[in-house]
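Here's the structure we're looking at; comments come further down.
Since every read-out is calculated from the coordinates, none of them should be taken as a lab result. None of these values were measured; they are calculated from a predicted model. No Cβ is skipped: glycine too gets one built from the backbone with ideal geometry, and neighbour counts run over all protein chains shown.
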Amino acid sequence: MGFPLEGVRILELGQIIAGTYGSQVLSDLGAEVIKVETPEGDLGRIPSVAPYRGESGLFLTFNRNKKSIVINLKSDDGRQIFYDLVKTADVVIDNFRPGVLERLKIDYETLKALKPDIIQCSVTGFGEAGEYKDFPAVDIIIQAISGYMAITGEPGRPPVRTGIPIADLSGGIFSCKAILAALFDRERSGEGRRIELSMFDGMLNLLTYMGTMWLTNGELPQPVGSAHEYTVPWQAFSVKDGYVVVATRQDAFWRKLCQALDRPDLGEDARFTTNASRVAHRAILVPELEAILATKTVDDWMVLFKKFDVPAAPVNNLDRAFAEPPVAERGMITEYDHPKVGKVRLPGNPIRMSGMEGTISNPAPLLGEHTDAVLGGILGLSPEAIAGFRQSGAVK
């Protein structure tokens, strides 16, 4: 055994984050991902996008383990080269706006005629049809329109987005799941699939119980900062040198917290004995806890919380997050050597599987770095043929 997707070939088109994250996850599992770029290159290559030593930190992150070839899909020769690659592939994934696949003549019906069991996955902003199909769909737009920014942040403050591009990442997460399901089904049925998903749909799905409470009960949530509507205490508290989060939904943990605070009387107070009563008396209890917790440091409190088995954690920035013991214990930092910027260290693959040892960590490719190798090795084109296509502008 080895990496479970060894032998699976994915062609990736028109990506920045929404789809490219999904294919990066699949590449971590052993899939061969060939990034088909325009002569200008992926937009994610622009150095101003998370600048790092003259390169894009975004591109360096989301394109590890991939190969890059440059094909001009607007030329007849370039399109034919792509068709020939499709015949060798398992999956084609794109992040184009609706209508682009048809204009380029690489839509599902066209590719299915070339390879009947091909799986094609398109990640769009709002779907391929409907009133919003052409609406701009960058991450902050999706976070805003799907309700996330209205419920994120402190009460009475302006709306804020989440600190990571969660809408873009949701497209990658759901595309990865869909592709794996389609690959599994193809093993049984021999049939390919057309997968179409939107970032907006993904974000609505991730609203989970908040969406349910609105749709079913008419409860419109409001921003509550780090607090929780239905649980107290469940939030960040300021301490001497930072913040800690305490999350004691169950009453047994509430009593353990009171022991750690050296305030058993709070645990016995009838106003606070159950979570429902603590929620009802939030305005009394939370200031009391704030005053107690402000007396010690993060490290002092964490010693006590661990001693009394209290669900709690420091509010880490990335320096402390990547210094936590599980990072080293589980190998959650990987690295590669990039020909332009040198060593790149980045978050590792979170998936552990029996028979799969280590991780794959090849550098994000230079633009067109693998054009000759892919066309020669996969399609069997001679150096002279490749040179001719390069001269005609079909490849670069």
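If a/c stays under 1.5 just call it rounded; otherwise compare a/b with b/c (prolate if a/b is bigger, oblate if not). Do that for the range 123-186, with a ≥ b ≥ c from the square roots of the Cα gyration tensor eigenvalues. Since a/c reaches 1.5 but b/c is at least a/b, the shape of the range 123-186 is classed as oblate. Could you tell me the ratio Rg/Rh of the range 284-334? Both radii from Cα atoms, Rh via Kirkwood. Across the range 284-334, the Cα-based Rg/Rh ratio is 1.09. Size descriptors for the chain (Cα atoms only): Rg and Dmax, in that order, 25.4, 85 Å.
Compute the Rg/Rh shape ratio of the range 317-359: radius of gyration over Kirkwood radius, all on alpha-carbon atoms.
Rg/Rh for the range 317-359 comes to 1.04.
When Rg and the Kirkwood radius Rh are both evaluated on Cα atoms of the range 13-81, their ratio Rg/Rh stands at 1.00.
Converting the Cα gyration tensor eigenvalues of the range 244-394 into ellipsoid dimensions via √(5λ) gives semi-axes, longest first, of 58, 16, 15 Å. When the trypsin sites (Lys or Arg not before Pro) in the range 47-146 are filtered for DSSP coil states and for at most 14 other beta-carbon atoms within 10 Å of their beta-carbon, the remaining sites are Arg53, Lys74, Lys87, Lys105.
Across Ala227, Ala270, Ala150, mean-square fluctuation computed from a Gaussian network of the chain (C-alpha pairs under 10 Å connected) peaks at Ala270. Give me the percent of Cα-Cα pairs in the range 96-213 that sit more than 22 Å apart, rounded to a whole number. Pairs farther apart than 22 Å: 44 percent. Looking only at the range 101-135, which residues have a backbone nitrogen under 20 Å from a spot 7 Å from the Cα of Asn205 in the C-beta direction? Only 119-130, 132-133 fall inside the zone, counting backbone N under 20 Å.
The Kirkwood radius of the range 247-309, taken over pairs of alpha-carbon atoms, gives through the Stokes-Einstein law at 10 °C and 1.306 mPa s a diffusion coefficient of 133 µm² s⁻¹. Taking a cut-off of 27 Å between Cα atoms, list the lysines near Lys307, but don't count ones fewer than 8 places away on the same chain. Hits, sequence-local ones excluded: Lys240, Lys256, Lys296. With a simple spin-label model that places each label point 7 Å from the Cα along the Cα-to-Cβ direction, the separation between Glu128 and Glu229 comes to 3.6 nm. Estimated from the Cβ-Cβ distance and a Förster radius of 25 angstrom, the FRET efficiency linking Glu288 and Arg320 is about 0.35. In units of the rule-of-thumb radius 2.2 N^0.38 Å, the range 207-332 shows an alpha carbon radius of gyration of 1.17.
Just so you know, the averaged projected area of the alpha carbon convex hull for the range 8-149 sits at 9.4 nm². Building the convex hull from the alpha-carbon atoms of the range 45-125 and averaging its projection over directions returns 6.5 nm². Note on the chain: with a GNM built from Cα contacts shorter than 10 Å, the maximum mean-square fluctuation among Asp139, Asp337, Asp251 falls on Asp251. Put a dot 7 Å past the Cα of Asp185, heading toward its Cβ, do the same for Ser392, and the two dots end up 3.7 nm apart. The three principal axes of the C-alpha atoms in the range 325-384 carry coordinate ranges of 54, 31, 11 Å, sorted with the longest axis first.
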